[in-house]
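*Asks:* What follows is a structure written as structure tokens; I'll ask about it next.
The values are calculated or read from the model by the stated rules, or taken from the named source; none is laboratory data. Small disclaimer: the values here were computed from a predicted structure and weren't measured. Methodologically, a virtual Cβ is constructed for each residue, glycine included, from the backbone with ideal geometry; neighbour enumeration extends over all protein chains shown. Surface accessibility is based on the protein's heavy atoms, side chains included, excluding ligands, DNA and RNA. Shrake-Rupley method; radii C 1.70, N 1.55, O 1.52, S 1.80 Å.
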Amino acid sequence: MQADTVRPSESWLGRVIDAHAEPLDGKGPLIAGNRPRPVRALAPNPQSRARVCDPMPLGVSAMDVFAPCAQGQRIGLFAGSGVGKSTLLSMLARNVEAEIVVIGLIGERGREVREFVEDTLGAEGLKRSVIITATSDEPAPRRRRAAWLTMAVAEHFRDQGKKVACFIDSVTRFAMAQREIGLAAGEPPTTRGYTPSVFTELPRLLERAGPGRAVGPGEAQGHITGLFTVLVDGDDHNEPISDAVRAILDGHVTLSRQIAERGRFPAVDVLKSISRLAPALMTPEQAAIAKRARQSMALYSDMEELVRIGAYVRGADPAVDEAVRLQPQLEAFLTQDTGARISLEQSYAELEHVLSAPGDGAGSAGGAGGRVAAAPR
């Protein structure tokens, strides 16, 4: 039986292709590279992989400060339908500090592909990107293969020593495709109809992202930073796919429908989001700033209902008074327009300004204009 292989090359940058590496953009045939690589590959030997330690700024303050990402880390964006995970992923694809961006649009709406290419990435973003797509109307084997191909293309550029950002929207659609295939093959359905092979294939796919093989002290051949969306079924963040993916990845960012409904984008629930590598990516000063802000938001969350119904009397607890005062400013800090890119240094400077501003209400998020105006790369 002939192995399923693909031959990516530099000429694929700027192209939109399908699950079988055929062009969809009308720009002519793809030029194959010299080296074939398996579409369904194994992750590198874990003992041979480099350590993950260098930050990867994403340009989104809510994530850079409260769920920081490292080069070679894998983070999931968890949200129900219509909460803004695809929009946030699009924003990250444009802002991320990577040399190569590989994007897999798996089981998504057909109309969104062209919008993503032309409106979100634009001509400049497309130059460094390869987009693999299999829309929701395509057969399950094509949707599954598109996810595998996304990883194979990312691995090609990783092996060239590149800093690669790999986006898959969404892992849940990949799992649904595998469920269809498993049920057709006679596998028994388990939790919510997912077959056992789904939970076997998820780590095989996601573990392919991450740091490459170490080639010297502190050096790697390249790395794949993975950012994957997870469609949370029924807003239940403990449903099978969310639970399984959260256990595999190195961090999760939770988007809240309640936050989205009150108009804040991105709707990141800071208190339910975490990066497992955050301690290694922050300076002590940065960690102290983020900790103080998180503690303030947690205290306000505990007292929010009492504050809203007027049952809390100002002056009863100085810590609660401070949390109530800071809440509008922290909300402003977490708000960011899709066209804005905020640097890591600016994010911490703004947050420090919010936390240290006097208690007369003057401490709005300094420089908030950058949050609503498009910032050039």
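*Asks:* Roughly what % antiparallel, to the nearest 5, for the DSSP beta bridges in the chain?
*Replies:* Rounded to the nearest five, the antiparallel share is 30 percent.
*Asks:* Roughly what % of DSSP beta bridges within region 1-148 run antiparallel, to the nearest 5?
*Replies:* Numbers: 4 of 13 bridges.
Antiparallel: roughly 30 percent of the beta bridges in region 1-148.
*Asks:* Project the alpha carbons of region 167-304 onto their principal axes and report the range along each, largest first, in whole Å.
*Replies:* That gives 54, 49, 21 Å along the principal axes, largest extent first.
*Asks:* In Å, what is the Rg of the alpha-carbon atoms in region 136-221, and how long is Dmax?
*Replies:* 15.5, 49
*Asks:* How high is the relative contact order of the chain? Use alpha-carbon pairs under 8 Å, at least six apart in sequence, and give a whole percent.
*Replies:* It comes to 21 percent, rounded to a whole number.
*Asks:* How big is the C-alpha Rg of region 205-283 next to the rule-of-thumb value 2.2 N^0.38 Å, as a ratio?
*Replies:* This ratio for region 205-283 stands at 1.35.
*Asks:* Loop-only trypsin sites (Lys or Arg not before Pro) in region 21-101, please: DSSP not H, G, I, E or B, and at most 11 other Cβ atoms within 10 Å.
*Replies:* In loop regions of region 21-101 (DSSP not H, G, I, E or B), the sparsely surrounded trypsin sites (Lys or Arg not before Pro) are 27.
*Asks:* Moving on to the next point. Taking the Cα centre of the chain as origin, work out the dipole magnitude from +1 charges on Lys and Arg Cβ and -1 charges on Asp and Glu Cβ, in debye rounded to 20. Walk me through the numbers on the way to the answer.
*Replies:* Working: 44 positive and 46 negative charges, 219 e Å.
Approximately 1060 debye in magnitude.
*Asks:* Right, something else. Highest GNM mean-square fluctuation, the chain, Cα pairs closer than 10 Å: which of 215, 230, 245?
*Replies:* Per the Cα network of the chain with a 10 Å cutoff, 215 tops the list.
*Asks:* Please compute the alpha carbon radius of gyration of region 1-122, then divide it by the globular-protein estimate 2.2 N^0.38 Å. Two decimals is fine.
*Replies:* Output field value: 1.23.
*Asks:* Something else now. Mind jotting down the three principal axis lengths of region 69-143 based on Cα atoms? Whole angstrom, largest first.
*Replies:* Sorted largest first, the three principal extents are 33, 27, 24 Å.
*Asks:* Taking only the alpha-carbon positions of the chain and ignoring solvent, what does the Debye formula give for the base-10 log of I(q)/I(0) at q = 0.11, 0.13, 0.15 Å⁻¹?
*Replies:* These q points yield log10 I(q)/I(0) values of -0.78, -1.05, -1.34.
*Asks:* Still on this structure, I have one more. Treating cross-link reach as a plain straight distance, find the lysines whose alpha-carbon is under 16 Å from the alpha-carbon of residue 162, omitting any fewer than eight places away in the same chain.
*Replies:* Result set, ordered by chain and number: 127.
*Asks:* Once each part is reduced to its C-alpha centroid, what is the distance from region 164-184 to region 1-49 in angstrom?
*Replies:* That distance is 18 Å.
*Asks:* Heavy-atom accessible area per residue, the chain, 1.4 Å probe: how many Å²?
*Replies:* Spelled out: the 1.4 Å probe surface of the chain, per residue, equals 44 Å².
*Asks:* Quick check: the angle from helix 344-356's long axis to the longest principal axis of the chain, C-alpha only, nearest 10 degrees?
*Replies:* The two axes meet at around 20 degrees.
*Asks:* Over the alpha-carbon set of region 262-304, work out the extent along each principal axis and list the three values in angstrom, largest first.
*Replies:* Projected onto its principal axes, the Cα set of region 262-304 covers 33, 21, 14 Å.
*Asks:* For residue 41, project a label point 7 Å along Cα to C-beta. Then give me every residue of region 131-162 with its amide nitrogen under 17 Å of that point.
*Replies:* So the set is 131-132, 145-162.
*Asks:* Give me Rg/Rg_expected for region 152-192, where Rg uses Cα atoms only and Rg_expected = 2.2 N^0.38 Å with N residues. Before the final figure, lay out the partial values.
*Replies:* Details: Rg = 15.5 Å, N = 41, 2.2 N^0.38 = 9.0 Å.
Rounded to two decimals, the normalised Rg is 1.72.
*Asks:* Scan region 119-190 for trypsin sites (Lys or Arg not before Pro) in coil per DSSP, keeping those whose Cβ has at most 10 other Cβ atoms within 10 Å, and list them by number.
*Replies:* Sites meeting the loop and neighbour criteria: none at all.
*Asks:* Which of the GluC sites (Glu not before Pro) across region 95-153 are loop residues per DSSP, with 14 or fewer other Cβ within 10 Å?
*Replies:* 99
*Asks:* For 317, 269, write out the residues from largest to smallest accessible area, computed with a 1.4 angstrom probe and no ligands counted. Mind showing how you got there, number by number?
*Replies:* Numbers: 317 60, 269 30 Å².
Most to least solvent-accessible, the answer reads 317, 269.
*Asks:* May I have the pair-distance distribution P(r) for region 1-69, computed from all Cα-Cα distances with 10 Å bins from 0 and rounded to whole percent?
*Replies:* The distribution over region 1-69 is 15, 26, 28, 27, 3, given as percents.
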